[in-house]
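Student: Encoded as structure tokens, here's the structure I'll be asking about.
The values are calculated or read from the model by the stated rules, or taken from the named source; none is laboratory data. No experiment lies behind these values; they were computed from the predicted model shown. Note that each Cβ is placed from the backbone with ideal geometry, even for glycine, and that neighbours are counted across all protein chains shown.
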Amino acid sequence: MKTDQPYHEACGVFGVSLTVSEAAGITYNGLLSLQHRGQEGAGIAVVNDNNLFCCKNVGLVSEVFSAGTLDRLPHSRLAVGHTRYSTSGANVLENVGPFVTEYLTGRIATAHNGHISNAREIRASLMQRGLSFSSSSDSEVISSLIAYHITQTGRVVDGILRAAAFLDGSFSLIIASSDGLLLALRDPNGFRPLCVGRNQSGIAVASESCALEACGFKFVRDIRPGEMIVIEQGQIVEEAIWLDRTRSQHGLCIFEYVYFARPDSIIDGLSVYSARYNMGSVLALECPVAADVVCGVPDSGIEAACGYSAASGIPLVSGFVKNRYIGRSFIYPTQTERDSAVRLKLNPLAVNVDGKRVVLIDDSIVRGTTSRKIVLSLKAAGAKEVHVRISSPPFLHSCHYGTDVDREDTLIANKLSIEEICREIGADSLGYISIEGLKKACQSCSLPFCTVCFTGESSQAE
């Protein structure tokens, strides 16, 4: 991900209900497979003898669960895990999931991917009823709201259904209860992905199918928008329990296909790799240019570059060597250090671009500062021309559903025309995929799309 971009990955959630006591280790592996969705914190909660135990901290999954840490969790057949980036709340331990909430007759651990737009109002209402909070995260609000309604209804399933009716925004939730249930539900819009898999040992639920496969589970299906499933002792015991779907107005965030998800995942019937490849093919038709080579900006520009090359007939080359051992550049304290980290992470491969007219494929331009550095680095490596092609339309609007796009006055497309952006980033030409072209590239998805960040309003699949 580019360092100047004010949006981040979506959180990753994972949970298992097994017939063997390997839940913590499998959940750890699942979170490793979802690390791309958030690098700010990670946690795992397990159920053992009607008790909930949770281990979590800030940092990468492998940092939080370093040698010996995972072994301190009890052996369990039921676990839920979370890898975080903050749509709300600071990056501190108190805001890391899963959130464990105690109520009169038990406890729940809640892992949440999304953003609740009315969390502040819900928090205030619950505080008036005597509940207290230890974090600034909307995920804790969800967990507390669910626990409150479980107490009111006397049943975990009924409490979740009642609580979900109060939630505005986006949520894919995996919940473990101390009485042995694993529950998974997706908001009526289906804004963030959630899927279920099975193997001989039980059931797993994850944000993406790549995590299921990495942990040895066969993908069964996506959880449908507005659906909840209940899992117990390694079996799905209830499914097609519906939330109120009359509030559905948007759909799956189309940026899952552009950037968030791993290319080896399948989301709502569409391969992420195929979607990005198709974006490149559409870009070649919508924004052709005479050039010698095509290259993609690692990582999410690579598949689109493959599609552009195939559709245009322009040879595909590796344009950069990516240093995968450099930390996240946005954590560096000064702009000078952040600028240096861009070059450390992506170094042009001069042998492939020297003296060439280059088509550079990337997933987006938000503020433009890193795009300029990448373009200029190619020219410094000898590229004769650099023609930038973007596999998403211009960002024009902030998102209130979990994609942390910055204020609209910081978005370069709100300040400059495409021609002016081209000059600003130092490119010889610039082209974006159209919204219609993006939807065409993703037309095999089984859901409508949310394209609010591009259009300001919801969009339906063609």
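Student: Counting just the residues of the stretch 293-317 that are more than 25 Å from the chain's Cα centre (by Cα) and surrounded by 17 or more Cβ atoms within 10 Å (Cβ to Cβ), which one comes out nearest to Ser364 (Cα to Cα)?
Tutor: The qualifying residue nearest to Ser364 (Cα to Cα) is Val294.
So that you can scan it fast, the table gives a plain yes or no per residue for (1) within 23 Å of His36 (Cα to Cα); (2) touching a Pro at 6+ places or on another chain (Cβ under 7 Å); (3) crowded, with 20+ Cβ neighbours inside 10 Å; (4) at pLDDT 80 or above:
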{"residue": "Gly327", "(1), (2), (3), (4)": "yes, no, no, no"}
{"residue": "Ala350", "(1), (2), (3), (4)": "no, no, no, yes"}
{"residue": "Lys356", "(1), (2), (3), (4)": "no, no, yes, yes"}
{"residue": "Ile361", "(1), (2), (3), (4)": "yes, no, yes, yes"}
{"residue": "Ile365", "(1), (2), (3), (4)": "yes, no, yes, yes"}
{"residue": "Phe395", "(1), (2), (3), (4)": "yes, no, yes, yes"}
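Student: Quick one: count up the residues across the stretch 353-369 that are aliphatic (A, V, I, L, M) and under 25 Å from His397 (Cβ atoms).
Tutor: Residues in the stretch 353-369 being aliphatic (A, V, I, L, M) and under 25 Å from His397 (Cβ atoms): 3 in total.
Student: Given (1) crowded, with 23+ Cβ neighbours inside 10 Å; (2) in contact with a strand residue (DSSP E or B) (Cβ under 8 Å, 6 or more places away or on another chain), where does Lys345 come up short, assuming only one miss?
Tutor: The failed condition is (1).
Residue-by-condition table, conditions (1) out of contact with any Asp or Glu (no Cβ under 7 Å at 6 or more places or on another chain); (2) at pLDDT below 95; (3) over 28 Å from Val64 (Cβ atoms):
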residue: Val92; (1), (2), (3): yes, yes, no
residue: Val96; (1), (2), (3): yes, yes, no
residue: Phe99; (1), (2), (3): no, no, no
residue: Gly106; (1), (2), (3): no, no, no
residue: Ala111; (1), (2), (3): yes, no, no
residue: Ile116; (1), (2), (3): no, yes, no
residue: Arg123; (1), (2), (3): yes, no, no
residue: Leu126; (1), (2), (3): yes, no, yes
residue: Gly130; (1), (2), (3): yes, yes, yes
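Student: Right, another one. Being part of a loop (DSSP other than H, G, I, E, B) and touching a helix residue (DSSP H, G or I) at 6+ places or on another chain (Cβ under 6 Å) narrows it down to one residue among Pro263, Pro225; which is it?
Tutor: Pro263
Student: Let me ask another. Kindly establish whether Leu447 is touching a Gly at 6+ places or on another chain (Cβ under 6 Å), in the same structural domain as Lys322 (by TED's automatic domain parsing), assigned to a loop (DSSP other than H, G, I, E, B) and touching a residue at least 12 places away in the same chain (Cβ under 8 Å).
Tutor: yes
Student: What single numbered condition from (1) more than 27 Å from Thr153 (Cα to Cα); (2) of a type outside the set (Asp, Glu); (3) modelled with pLDDT of 95 or more fails to hold for Ala45?
Tutor: If we test Ala45 against (1) more than 27 Å from Thr153 (Cα to Cα); (2) of a type outside the set (Asp, Glu); (3) modelled with pLDDT of 95 or more, just (1) comes out false.
Student: What residue, of Glu121, Glu102, is surrounded by fewer than 22 Cβ atoms within 10 Å (Cβ to Cβ), charged (D, E, K, R) and closer than 22 Å to Leu181 by Cβ?
Tutor: So the residue among Glu121, Glu102 that is surrounded by fewer than 22 Cβ atoms within 10 Å (Cβ to Cβ), charged (D, E, K, R) and closer than 22 Å to Leu181 by Cβ is Glu102.
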